[in-house]
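None of the figures in this text is laboratory data; all of them are computed from the coordinates on show. Because the structure is predicted, anything quoted here is derived from the model rather than measured. So basically every Cβ, Gly included, is an ideal-geometry build from the backbone, and we count neighbours across all protein chains shown.
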Amino acid sequence: MKPANSLMPLLRVVGVTKRFGGLTAVADVTFDVMPQEIVALIGPNGAGKTTLFSLISGFQAIDEGRVAFDGGDVTGFAPARMARLGLARSFQIVQVFADLTVHEAVTAAALMRHSMAGALKKADEVLALVGLSERRSSVTPQLSLQDRKLLEVAKCLATEPKLILLDEVMAGLTLSEAEAVLDVIRRLRDQGMTFVLVEHVMPIVMSIADRIVVMNFGQKIADGTPKEIIENEFVRDAYFGEDLHA
């Protein structure tokens with residue numbers, strides 16, 4: 001279970017807006033993420049979820065609004081600076097170092113905070129955490145999709161983050177494969193990690209999320225516990241129908 005924690009949000013997104021020409025991709029979105037919370041960001045394709053991740057993590061510039069992380073205003077910070085502050089993210093398309101082994105790829109991420117000796121040790125620890133120790137010598141393109149997804153999580157962990165943004169990390173997995181990834185996320189949360197994840201498969205969302213933020217056409221249309229989202233007629237009937245109960 002998620003223990004009680006500080007009343008101060010780890011992440012605050014306040015009135016964030018992003019326009020591309022005449023298209024508003026994200027419109028005045030506001031929500032908080034508390035320490036050691038798992039928040040799911042859901043909505044139809046094109047709702048603005050990945051764009052919002054890019055705005056939070058510094059990969060795209062915010063037109064209006066602000067982002068606060070770990071008590072400080074980080075609006076406009078570059079991705080590398082955000083990573084050093086403790087915010088890591090994955091991407092929809094799995095990013096692998098094609099010529100590196102699993103252990104080398106995680107070591108490369110750990111070099112952000114460690115010497116080579118420290119990074120090698122950190123990689124060992126992280127691979128054990130996510131269950132990839134036996135694949136440490138495999139070249140990353142040889143991994144199964146499930147193991148590549150776990151490697152994405154491992155690379156994030158190697159940077160020693162406080163918050164991880166996971167963009168469809170369960171996409172393409174069977175429900176049993178996804179459950180193995182969910183078990184890792186739950187264990188990490190129990191050890192103090194905080195997550196925001198974009199996900200489309202509602203059984204996964206309902207099984208893992210402490211809270212759900214729903215987006216559509218760039219706007220936040222709901223924010224609440226899984227039970228509150230299920231009972232929200234606007235969300236259920238207009239956007240998810242029976243899938244919400246699957």
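With the cut-off at 16 Å, report for the range 92-178 the share of all Cα pairs above it, as a whole percent.
Values: 1820 of 3741 pairs.
Across the range 92-178, Cα pairs with separations above 16 Å total 49 percent.
Take every DSSP beta bridge whose two residues both sit in the chain, then give the antiparallel share in percent to the nearest 5.
In the chain, DSSP labels about 55 percent of beta bridges as antiparallel.
Would you mind estimating how fast the range 30-126 diffuses translationally, via Stokes-Einstein at 37 °C and 0.692 mPa s with the Kirkwood radius over Cα pairs, in µm²/s?
Values: Rh = 15.6 Å.
Answer, rounded: 211 µm²/s.
Relative to the longest principal axis of the chain, what angle (0 to 90°, nearest 10) does the C-alpha long axis of helix 145-158 take?
Rounded to the nearest ten degrees, it is 80.
So between Asp210 and Ser144, what do we pick up on full extension, going 0.36 nm a residue minus the alpha carbon distance? Walk me through the numbers on the way to the answer.
Details: separation 66, 0.36 × 66 = 23.76 nm, distance 2.90 nm.
Result: 20.9 nm gained on full extension.
To test your reading of the geometry: what angle, between 0 and 90 degrees and rounded to tens, separates the Cα axis of helix 116-130 from the longest principal axis of the chain?
Roughly 60 degrees between the two axes.
Using only alpha carbon pairs under 8 Å that are at least six residues apart, calculate the relative contact order of the chain and give it in whole percent. Show your work: numbers first, answer last.
Working: 466 pairs, mean separation 63.7, N = 246.
Answer for the chain is 26 percent.
Taking the alpha-carbon distance from Lys122 and a cut-off under 17 Å, which aspartates and glutamates remain once sequence neighbours fewer than 8 residues away in the same chain are dropped?
Glu104, Glu134, Glu152, Glu160
Quick check on the exposure proxy: order Glu64, Glu152 from fewest to most C-beta atoms within 10 angstrom. Please report the intermediate quantities before stating the final value.
Values: Glu64 13, Glu152 24.
Lowest to highest Cβ neighbour count: Glu64, Glu152.
What number, rounded to the nearest 500 deg cm²/dmol, is the helix-based mean residue ellipticity at 222 nm of the chain, given -39500 (n - 2.57) per DSSP H run of at least four residues and division by all its residues?
Values: 8 runs with 82 residues, N = 246.
Helix-only estimate at 222 nm: -10000 deg cm²/dmol.
Would you please report the Å³ per residue occupied by the convex hull of the alpha carbon atoms in the chain? Could you put the intermediate results ahead of the total?
Values: hull volume 30.9 nm³, N = 246.
Taking the convex hull of the Cα positions in the chain, it is 126 Å³ per residue.
Note the angle between two axes, namely the Cα long axis of helix 175-190 and the longest principal axis of the Cα atoms of the chain, as a number of degrees from 0 to 90, rounded to the nearest 10.
The angle comes out near 90 degrees.
Taking the number of other C-beta atoms within 10 Å as the exposure measure, put Leu145, Leu129 in order starting with the fewest.
Values: Leu145 13, Leu129 17.
Fewest-to-most Cβ neighbours within 10 Å comes out as Leu145, Leu129.
Quick one: grab Rg to one decimal and Dmax as a whole number for the range 143-205, Cα atoms only, in Å.
Gyration radius and largest Cα-Cα distance of the range 143-205: 11.0, 30 Å.
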